[in-house]
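Colleague: First the structure, then my questions, so here it is.
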Amino acid sequence: MIDYNKDIYGDYEKDIKNYIEKYKPEQYEKIIEKDTRTNIVNIFSEMRTNIIKWYPFEPNKKILEIGANYGEITQELVKITPEVTSIEFTKEKIECIKKRIKENVKLILCDNLKELKLPEKYDYIIIIGTGEYAKKLGFKNLKEMLEWSYMQLSEEGKMLVAIDNKFGVKYLAGSTRNNKEVPFANYKNYVEKDYKLYGKTELENMLKQFPKYKFYYPVPNYNLTNMIYTDEYLPKRSRYNIYYREDEEILFNETDFMEYAIKNSKFDFFTNSYLIEISKTDTSNVWYVNFSNMRQKQYKIITKITSEKVTKEAYGEQGKKHIENIQKNIEKLQQLGYTTCEKFQDGKILSQFINKPTMDEYLARLLEQDKKEEFIQELDKWYKNLKQGFIDLVFQNVFYDGNEYIVFDQEWYKEEASIEQIMYRSIKSLFFQHNYLKNKITIEELYKKYNITQEKIEQFEKEEIKLQEEIVDPKILKFYSEKWNAITSIEDIKMKYKKQLEQAYLQIQEISNEKDKISEENERLVEEIKKLKNSRFYKWTRFLRRKKVEK
């Protein structure tokens, strides 16, 4: 049987099987606590399902999964419908899926996908991380694989295909698809590869034959998705969690690179992965999705933006109480006279989509236009409007175009939080999001204006750390922090090898010095021997030495 993912998971396969044998799905967090290797987290983290968790599947429809791997996506599909069929290509992985997924899943072991005859049509076909290996599955290329898959759809069926981008920034930065591959192998024709990647233009040319298709841009990739963008809702800044394998040396910070790509309208060309929806009817109207990956389970929410509305819902059962707390914050703000755009309905926070700038964008624009006096006036106006306790009343959580304030995303309320603390969080966040503003006005100048002393700053920082410790999941934070260690630079590499070269030169010098010492000692001994041979004593005892040799 073909193991199309052997190149990715080969070194980890034994550990993955042992974990599946030993742990129940509800215990997978314990695996990640002790084993934070990227390829292990990719298999057992709940973040792995983010790539499809947001999608508006119709209930009780038939789903076909092509390439189930170790069942990491299958475990989410069985929550959607009882009719899931999963195709896998190795007997070992089929056995792992049986142990991992307790629900009734139809499993098909297949050696050559192109020759497989399926007994029915499917409403949804899921192809996550399998299209790269189309040739190994019996097809000439990805185009032929997509055509075959499309033929398996029902009359109103849809396909979701997740695939890496040939020009993804991670590959440009030196990332590889496995720990055996050399950096930039993706672009080297002489390197033998059992996968094939495509750029967006190549993919679009393949997709023209289908009635409807839509690109989604999961960042940092489709494995551990943090956010999903679309052409209707592209990022304004590069803000997402990145990670790499432990064995990789990354040449530059990809988020810095993407900041420039975004400014030059090239985000879609350099993003790491694509999720493509292929449909016989209409594609989804979802524009943007945000998963609060870094949070503790009780605070995790999924934010979805469509052309009509914004929805916030609990990521899992544990997050439902947090949604209710947001509802309480909304009601408090309304009672105080604030205009809010959100309401609580059917266990979710809903609002209309508002096409206005946020207050931080409005303020940044004023400084960009050198309207410093107006900028200060707007800050004064907002400062007078603040109420103690509402720690989330920062500029990023307020729609404002110079007229009415409309607040949103009021997740946290801390009764002891002063107006100065709220203003401190707002100003600090403003300069973090728009770092270039420091050339227009200093952050210290603003702190002084609003009586935010150094003593208060130190206290506010302690409170911020305390808040983050409450919200952030330490396991996830540890995972991402460790992966940042993979980032290096050309300068780092030069320095690394310079030091190694210096050490080598020192060793050569030491050996050379030792050699010189030995040569000098050798010459000294030769001279001593010569002197000895020319001495009278040596000549007088020659007869005795000859006699000794004869004996």
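The numbers here are math on the coordinates, done by the rules we state, and not lab data. All of these numbers come straight from a predicted model, not from anything done at the bench. With ideal geometry, Cβ positions are generated from the backbone for all residues, glycine too; neighbour counts draw on all protein chains shown.
Colleague: When only alpha-carbon atoms are used, what values of Rg and Dmax, in angstrom, describe region 296-354?
Modeller: Taking only Cα atoms of region 296-354, I get Rg and Dmax of 11.6, 32 Å.
Colleague: Read phi for every residue in region 209-214 and hand back ³J(HN,Hα) as whole Hz from Karplus 6.51 cos²θ - 1.76 cosθ + 1.60, θ = phi - 60°, with x for Gly and Pro.
Modeller: Each residue's phi maps through the Karplus curve to give 6, 8, x, 9, 8, 8 Hz.
Colleague: Just to be sure I understand, if you calculate Rg/Rh (Cα atoms, Kirkwood Rh) for this structure, which of (i) 1.05; (ii) 0.99; (iii) 1.17 do you get?
Modeller: Label (iii) holds the value from this structure.
Colleague: In addition: Normalized C-alpha radius of gyration of region 6-284, against 2.2 N^0.38 Å? Walk me through the intermediate numbers first.
Modeller: Details: Rg = 18.1 Å, N = 279, 2.2 N^0.38 = 18.7 Å.
Working it through for region 6-284, the quotient is 0.97.
Colleague: In addition: Report P(r) for region 1-141: all Cα-Cα distances, bin width 10 Å, range 0 to the bin holding the largest distance, values in whole percent.
Modeller: Here the calculated profile for region 1-141 is 11, 43, 36, 10, 0.
Colleague: Related question: Give me the distance in nm between label points sitting 7 Å out from Cα along the Cα-to-Cβ direction at residue 524 and residue 388, one decimal.
Modeller: That separation, rounded to one decimal, is 8.6 nm.
Colleague: Hey, which of these cross-link pairs are over 27 Å Cα-Cα: 117/158; 214/236; 79/166; 53/200; 24/121; 387/462? List each step's numbers first, then the result.
Modeller: On the way: 117/158 19 Å; 214/236 20 Å; 79/166 32 Å; 53/200 24 Å; 24/121 32 Å; 387/462 21 Å.
Going by Cα-Cα distance, 79/166; 24/121 fall outside the 27 Å limit.
Colleague: Taking the Cβ of residue 318 as the center, what net charge do the other residues with Cβ under 14 Å away carry, scoring Lys and Arg +1 and Asp and Glu -1? Walk me through the numbers before you get to the answer.
Modeller: Values: positive: 295, 297, 300, 320, 321; negative: 26, 29, 46, 313, 317, 324, 473.
Net local charge, residue 318 excluded: -2.
Colleague: A further question on this structure: Ratio of region 179-288's C-alpha Rg to 2.2 N^0.38 Å, to two decimals?
Modeller: Against the compact-globule rule of thumb, the ratio is 1.18.
Colleague: If eta is 1.567 mPa s and T is 4 °C, what Stokes-Einstein diffusion coefficient results for region 234-373, Kirkwood Rh from Cα pairs, in µm²/s?
Modeller: Values: Rh = 18.6 Å.
The diffusion coefficient I find is 70 µm²/s.
Colleague: For the chain, take the longest principal axis of its alpha carbons; what is the angle in degrees between that and the long axis of helix 490-533, to the nearest 10 within 0 to 90?
Modeller: It is inclined by approximately 10 degrees.
Colleague: Okay, moving on. Looking only at GluC sites (Glu not before Pro) in DSSP loops with at most 10 other Cβ atoms within 10 Å, what is the longest site-free stretch of the chain?
Modeller: On the way: sites that count: 120, 192, 308, 404, 415, 416.
That would be 417-551.
Colleague: Could you list, in their original order, any pairs among 384/449; 61/91; 106/280 whose Cα atoms are separated by more than 19 Å?
Modeller: Working: 384/449 13 Å; 61/91 27 Å; 106/280 25 Å.
The pairs that break the limit, which is 19 Å between Cα atoms, are 61/91; 106/280.
Colleague: Compare the Cα positions of 104, 183, 219 along the charge dipole of region 89-223 (+1 at Cβ of Lys, Arg; -1 at Cβ of Asp, Glu; about the Cα centre) and return the one farthest towards the positive end.
Modeller: 183
Colleague: What's the angle, to the nearest 10 degrees (0 to 90), between helix 372-385's Cα axis and the longest principal axis of the chain?
Modeller: 60 degrees
Colleague: May I ask which residue of 27, 59, 47 lies farthest towards the positive end of the charge dipole of region 25-103, with charges of +1 (Lys, Arg) and -1 (Asp, Glu) on Cβ and the Cα centre as origin?
Modeller: 27
Colleague: I would also like to ask the following. For helix 454-471, report the angle its Cα long axis makes with the longest principal axis of the Cα atoms of the chain; keep it between 0 and 90° and round to the nearest 10°.
Modeller: Once rounded, one gets 90 degrees.
Colleague: As a test of the formula, what do you get for the chain when each DSSP H run with n ≥ 4 contributes -39,500 (n - 2.57) and the sum is divided by the residue count, at 222 nm and rounded to the nearest 500 deg cm²/dmol? The partial results should precede the final answer.
Modeller: Details: 22 runs with 233 residues, N = 551.
Mean residue ellipticity at 222 nm (helix-derived): -12500 deg cm²/dmol.
Colleague: When the Cα atoms of region 183-233 are enclosed in a convex hull and the volume is divided per residue, what value in Å³ results? Walk me through the numbers before you get to the answer.
Modeller: Numbers: hull volume 6.7 nm³, N = 51.
Looking at region 183-233, the number lands at 131 Å³ per residue.
Colleague: Hey, with R₀ at 22 Å, roughly what FRET efficiency would residue 482 and residue 21 work out to, going by the Cβ-Cβ distance, to 0.05?
Modeller: Numbers: r = 26 Å, r/R0 = 1.18.
Efficiency for this residue pair is about 0.25.
Colleague: Among DSSP bridges having both ends in the chain, what percentage is antiparallel? Round to the nearest 5. The partial results should precede the final answer.
Modeller: Values: 41 of 61 bridges.
The antiparallel proportion sits near 65 percent.
Colleague: Then there is this: Only Lys, Arg, Asp and Glu count, each charged at its Cβ (+1, +1, -1, -1), so figure out the dipole size of region 356-472 about its Cα centre, rounded to 20 debye. Please list the in-between numbers first.
Modeller: Values: 17 positive and 25 negative charges, 64 e Å.
Charge dipole, region 356-472, about its Cα centre: 300 debye, nearest 20.
Colleague: For region 356-472, just the Cα set please: Rg and Dmax, both in angstrom.
Modeller: Rg and Dmax of region 356-472, Cα atoms, are 13.8, 39 Å.
Colleague: Right, something else. When the dipole is taken about the Cα centre of the chain, and only Lys, Arg (+1) and Asp, Glu (-1) are charged at their Cβ, what size is it in debye, to the nearest 20? Please list the in-between numbers first.
Modeller: Working: 96 positive and 93 negative charges, 610 e Å.
My answer is approximately 2940 debye.
Colleague: Given the convex hull over the Cα atoms of region 111-218, what projected area results after averaging over all orientations, in nm²?
Modeller: On the way: hull surface 31.1 nm².
One quarter of the hull surface, i.e. the mean projection, equals 7.8 nm².
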